Amino acid sequence: MPVALAALVGAAAPSAPGTAGAPGAGDPYFPLSGNGGYHVQHYDLTLRYDTTRRHLDGTAVLTARTTQRLSRFDLDLTGLTVTGVTVDRTPAAFRRAGQELVVTPRRTLPAGRAFRIAVTYQGTPTPVTDPDGAQDGWIPTDDGAFVAGEPQGAMTWFPADGHPNDKASYDITITVPQGRTAVANGALVAQHTAQGRTTFHWREDRPMAAYLATATIGTFQVQRYTTRDGIEVYNAVDPREASAAAPVLKQLPSVLAWESTLFGPYPFRSAGAIVDHAPGIGYALETQTRPLYDSAPDLTTLVHESAHQWFGDSVSLAAWKDIWLNEGFATYVEWLYTEQHGGDSAQKAFDALYATPAGDALWAYPPGDPGSAKNIFGQPVYARGAMVLHELRKAVGDRDFFRILRAWAAQHRDGHGTTAQFTRLAERASGKRLDGVFHTWLFAGGKPNRA
């Protein structure tokens, strides 16, 4: 947006010419998600939320490093009023352009330099509507907020480099009315109450994509314990969901232990669940270390969201087109869990899906190429994505298949992975040419023919 179309606030323009950072990370599905010219290393978010007025006051301090000479850069932020921006504690010019907060520091930043951005903001956060019609972001509830950011909702409550390819550590401090609990990612560092308000300080020291951050607020029953493997568990459950959630959450340690035997050590130090009472949302999300559920989950959903801690959270996407690496994997883990706990085999689950007629939505598009943002959470990504992995398992055998999954989780831990990298790993680990399997099941349109 030209400067003439938006007010310029703050400091003067930079004193030396430089290069503006790109307004997006280049993802074809979400062109304005993420930003160019820098990498965020840490977010320090300080929030205060009035659950009655639904008003949020926030200060975000981002520690970042330039990846180019940088005269101007963007942050993803929508719907909130920015009251000030500084770069290295010096006031900076800023303007709003749609979901972009465009910042012009007083001086051009050299390439490779660490710098500090501070943004103060306030307002009533509202969710975004995604291309598939679902809402994500800061979603108000009757006692607080359900905060789920996939794929683009982080920008509804903090200024972010919002694409999954930019991961950072986080400190999230949230002050809420006494009697409410605010739950975020990682470990609870501190909690104190004063003058009718309670402050919760959470820290996630492992790299995390912005969409996996949460700051969910409500009236929760809290359970804390440490597993035999030393994982600190924090469960927050809405009392209206407590009786239904209890028998499922009781199995969390055994689910994590079972998944660890298959995929390698649990990738974080903290775990748990946030079980809200949020009718109408219609989904759960694998928020890092502490999945978020809109109601009491069943065991299958718990297994699925827990599997994402390896596949999606620790190993993250480099592009949304590769979403099957998250959802196809977590769905196949559901099949494995059933198979290894006295239920139907994964082959039976595969066969039941394959019996679906050719014109069914299951075969509408290939999981490796959903085609557009509105399709990334469709059945082909989940179910046919799991079918890809089952065909791979049959092609290479169980021994190599589980070696591939463990190697994928280990080699890309705290980082990113692409479909091309996964297919190369599978061929390398198995010693087999697998282009036929991947072409037929991952990329070909329509219902594949069985070999």
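The values are calculated or read from the model by the stated rules, or taken from the named source; none is laboratory data. This structure is a prediction, so every number in the text was calculated from the model and none was measured. Cβ placement follows ideal geometry from the backbone for every residue including glycine, while neighbour counts extend to all protein chains displayed. Only protein heavy atoms, including side chains, enter the accessible area calculation; ligands, DNA and RNA are left aside. Shrake-Rupley method; radii C 1.70, N 1.55, O 1.52, S 1.80 Å.
List of remarks:
- Across the options 129, 19, 365, the greatest Cα extent toward the positive end of the charge dipole of the chain (unit charges at beta carbon of Lys, Arg, Asp, Glu) belongs to 19.
- Shape category assigned to the stretch 227-292 from the gyration tensor of Cα positions, a/c cut at 1.5: prolate
- Close amide H pairs (under 5 Å, H built 1.01 Å from N) link residue 108 with 15, 16, residues at least 5 positions away or on another chain.
- Note on the stretch 75-179: along the principal axes its Cα atoms extend 45, 36, 26 Å, ordered by decreasing extent.
- Shape of the stretch 273-340, Cα gyration tensor, a/c cut at 1.5: oblate
- Each Cα pair of the stretch 293-391 feeds into the Kirkwood radius, which the Stokes-Einstein equation turns, at 20 °C and 1.002 mPa s, into a diffusion coefficient of 154 µm²/s.
- Using the alpha-carbon positions of the stretch 329-451, Rg (one decimal) and Dmax (whole number) come out as 14.2, 40 Å.
- Calculated FRET value between residue 261 and residue 83, using beta carbons and R₀ = 35 Å, to 0.05: 0.10
- Accessible area (Å², 1.4 Å probe, nearest 10) - residue 226: 90
- Kyte-Doolittle mean at least -1.0, axial Cα span of 18 Å or more - DSSP H helices of the chain: 324-340, 398-411
- Taking the protein heavy atoms of the chain in the context of the full set of protein chains, the accessible area attributed to carbon and sulfur is 51 percent at 1.4 Å.
- For the residues 193, 156, a 1.4 Å probe over the protein chains yields an accessible-area ranking, largest first, of 193, 156.
- Per residue value of the accessible surface for the chain (all protein chains in place, 1.4 Å probe), Å²: 38
- Cα centroid of the stretch 230-309 to Cα centroid of the stretch 325-351, whole Å: 18
- The chain: calculated mean residue ellipticity at 222 nm from DSSP helix runs of at least 4, using -39500 (n - 2.57): -6500 deg cm²/dmol
- Extension gain (nm, one decimal) between residue 227 and residue 52, 0.36 nm per residue minus Cα-Cα: 59.3 nm
- Listed peptides 272-279, 216-223, 337-344, 26-33 by packing density, highest first (mean Cβ within 10 Å): 272-279, 216-223, 26-33, 337-344
- Rg/Rg_ref, the stretch 146-260, where Rg_ref = 2.2 N^0.38 Å and atoms are Cα: 1.14
- Heavy-atom accessible area ranking, 1.4 Å probe, most first, across 228, 48: 228, 48
- Pairwise centroid distance, computed over Cα atoms, of the stretch 144-180 with the stretch 362-378, Å: 27
- Lysines whose Cα lies under 30 Å from that of residue 348, excluding same-chain neighbours fewer than 8 positions away: 250, 321, 374, 394, 432, 447
- Extension gain (nm, one decimal) between residue 418 and residue 435, 0.36 nm per residue minus Cα-Cα: 4.6 nm
- Extension gain from residue 240 to residue 402, taking 0.36 nm per residue of separation minus the Cα-Cα distance: 54.4 nm
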